[in-house]
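Beneath this line is the structure, given in C-alpha cells, with notes to follow.
Values in this text are rule-based calculations from the coordinates and carry no lab data. Source: prediction; values computed, not measured. Cβ coordinates were reconstructed from backbone atoms using ideal geometry, including for glycine residues, and neighbour counts include every protein chain displayed.
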Amino acid sequence: MTGTKSDRIALARLADAFVEDVLNASDEDILAEVREDHPDPAAAAAQARGLFEKAAAAAGKGRLAAAQAALAQQRGPANVAQLDPADARRRLQRILTRDPEMAHRLTLAARKDQGQGLSDNDVQGLLEDMAELGITPDDDGP
Amino acid sequence: MTALTAAEQVLAGLGITDPSEIDLDAIAWTLGARVRYRPLDGCEARIVGNGARAVITVNDRSPPRRQRFSVGHELGHWRHHRGRLLVCQAEDIGRGGEGRPVSERTADNFAAQLLMPGYLFDPIARSHPKLTFQAVRIISDIFDTSLTSTAIRLAESRHTPAVLVCHGPRGRKWFVRSPDVPDRWFPRDNLDPESFAFGVLFGGAQDDRTPRKIGADAWFDRWEAERYEVLEQTASIGLDEILTFILVTDGDMLDDYDRARRTEGRRR
C-alpha cells in the first residue's frame, strides 16, 4: 500500500469505525442491510465465509513458504567443534548437574536401553542440540 | 462438522490442503522446533527443548517413512509435554496397543493426525471401500507414511469394523481395534496354526492377496467365537513380523451387549 503515514492512520480509523458500526448493529439490522444487495443472506454469508477461509489459507501457505525458505538458508552441519569423547562426557555431566530434570530423563532413557548408556556419538549430538538452544555448562570450558 | 484435532489445526493454520504439502521440517519450524537427521545409537528420536525452542533429532538409519512418523511423534511431545528432554526408543513410536505410557500414545496420535489429517485422510480412505493391504499401500504412498502407521490409522477409524494385530515369532506384539468392534473381541496371544497368518510368519507363505474367510475361533479365544466367521489378510512388515487385518463382517459380533449391560446397570 502506498500513501503517507497520516493517510494510513486515517484509513485505519475508518476501518475501525466500520467494524464498530457492524458490532453495534442488531442481527435484524444486519440481515436487513444484507437483503438490500443479496436476496439470500445465507448464501451471502457462505460466500463471505469462503472468501475468509481462502484468505486464511493463503496467509497460512505464506507462513509455510516462509518457513521453507528460512530452513533452506539454515540447513547444513551444525557449527560445533568435535570434542574428545571424554571431554564431551564431562561437559554433558556439568550440564546435567545443573539440570536434575534433564538428568532424570536421560537416566530413564538409559534404563529403557538396557542400561547401555549414551554412545560417544549420541553424547556429541546431544551437546550440539543443547548448544543450538543455548544450553551450555556455566563456565563453558571443555 | 467434526472439530479439528490439535495436529489438524496446525495443518489447517498453514493452509495445507493436499497431502504432498505436509512438509514436516517446515511445520516443525513454525512450531519453534528444528529437525535434525543423524545416526542415533541409543534411541529412535529425541527432543531437547529450551523455552519456546526445541531441537528434534531423528535416527537417519531408519526407513524414511519411519523417520517422518518419528518427527510427528516428537512434535506431539512438544505440543503436549513440553519439557527439557525426551528420549524415545523404537518401541515407543508408532506401535499400536494400549500397554504403553499414555504420553507415548498421545504423541503417536498427534503424529498420525499430523501425517494423515482426517480432513484429507477420510475422503481418500472412503474412496477405497474395501479394507485391504492393497488399499493401505496406495494410501500410504499418497501420505508418504509407513504401512504400519497407515494400517493403524485405518483400523482406528470407522472405515471398517476390524482388528489389526501385529505378531512376531514369540506371539502377539500389539493390536488395535476399530471403535465399532466391542472390547470382548480380544485376539489370542499366539497364532492359531489354522490361520493363514501362521503360514506367512512361520511357513514362508506369500502375503495374502485378498482377505480370506476363516472361523473366528482361530483368532479369538471366546466361547461364542465358533459361531462366527471373519475375514483375514496378512502382510509381512519386516523380518519375523507380520500385520493381520481381521475384518468383522458378521453384525452379531458387533453387538456390544457388555456395554449395554453396563449402561443398564448404571441406570438402575
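Structure values in brief
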{"quantity": "Residue-span extension gain [A:Ala66 to A:Gln47] - 0.36 nm each, minus C-alpha spacing", "calculated": "4.0 nm"}
{"quantity": "Set of aspartates and glutamates near A:Lys5 by C-alpha distance (under 17 Å), chain-local residues within fewer than 8 positions excluded", "calculated": "A:Asp16"}
{"quantity": "Spin-label pair A:Asp16/B:Asp41, simplified geometry with 7 Å Cα→Cβ offset, distance in nm", "calculated": "6.3 nm"}
{"quantity": "Inter-chain Cβ neighbour average for residues B:80-91, partner chain, 10 Å", "calculated": "4"}
{"quantity": "A:Thr136-B:Val102 FRET efficiency (beta carbon distance; Förster radius 25 Å; 0.05 resolution)", "calculated": "0.15"}
{"quantity": "Distance in nm between pseudo-label sites at B:Arg209 and B:Asp144 (7 Å out along the Cβ direction from Cα)", "calculated": "3.3 nm"}
{"quantity": "Prolate/oblate/rounded label for the range A:5-75 (Cα gyration tensor, a/c 1.5)", "calculated": "oblate"}
{"quantity": "Within the range B:176-262, trypsin sites (Lys or Arg not before Pro) in DSSP loop having at most 10 other beta-carbon neighbours inside 10 Å", "calculated": "B:Arg209"}
{"quantity": "Lys, Arg +1 and Asp, Glu -1 on Cβ, resulting dipole of the protein assembly as shown about Cα centre, debye, nearest 20", "calculated": "820 debye"}
{"quantity": "Estimated FRET transfer efficiency (B:Arg61, B:Phe186; beta-carbon r; R0 25 Å; 0.05)", "calculated": "0.10"}
{"quantity": "Burial order of peptide ranges A:94-103, B:242-251 (average beta-carbon count within 10 Å, highest first)", "calculated": "B:242-251, A:94-103"}
{"quantity": "Ordering of B:26-36, B:126-136 by packing [mean C-beta count within 10 Å, highest first]", "calculated": "B:26-36, B:126-136"}
{"quantity": "The range B:1-148 - share of DSSP beta bridges that are antiparallel (%, nearest 5)", "calculated": "60 percent"}
{"quantity": "Size of electric dipole in chain B: Cβ of Lys, Arg +1 and of Asp, Glu -1, about Cα centre, debye, nearest 20", "calculated": "880 debye"}
{"quantity": "Mean projected area (nm²) of the alpha-carbon convex hull when the protein assembly as shown is viewed from all directions", "calculated": "30.6 nm²"}
{"quantity": "Charge dipole (chain B, unit charges on Cβ, about Cα centre) - positive-most of B:Gly118, B:Thr5, B:Ser140", "calculated": "B:Thr5"}
{"quantity": "Proximal aspartates and glutamates relative to A:Lys61, as straight alpha-carbon distance under 14 Å, when same-chain residues fewer than 8 apart are discounted", "calculated": "A:Glu53, B:Asp18, B:Glu21, B:Asp23"}
{"quantity": "10 Å Cβ neighbours from other chains, averaged over peptide B:14-21", "calculated": "4"}
{"quantity": "Shape category assigned to chain B from the gyration tensor of Cα positions, a/c cut at 1.5", "calculated": "prolate"}
{"quantity": "For B:47-53, mean number of other protein chain Cβ atoms within 10 Å", "calculated": "4"}
{"quantity": "Distance between the range B:81-115 and the range B:37-77 - C-alpha centres, whole angstrom", "calculated": "11 Å"}
{"quantity": "Helix-only mean residue ellipticity at 222 nm for chain B, each DSSP H run of n ≥ 4 adding -39500 (n - 2.57), per residue, nearest 500", "calculated": "-10500 deg cm²/dmol"}
{"quantity": "Among A:Leu14, A:Ala65, A:Ala46 the positive-end extreme of the charge dipole of the range A:5-75 (Cβ point charges)", "calculated": "A:Ala65"}
{"quantity": "Net charge dipole size for the range A:5-75 [Lys, Arg +1 and Asp, Glu -1 on Cβ; Debye, nearest 20]", "calculated": "980 debye"}
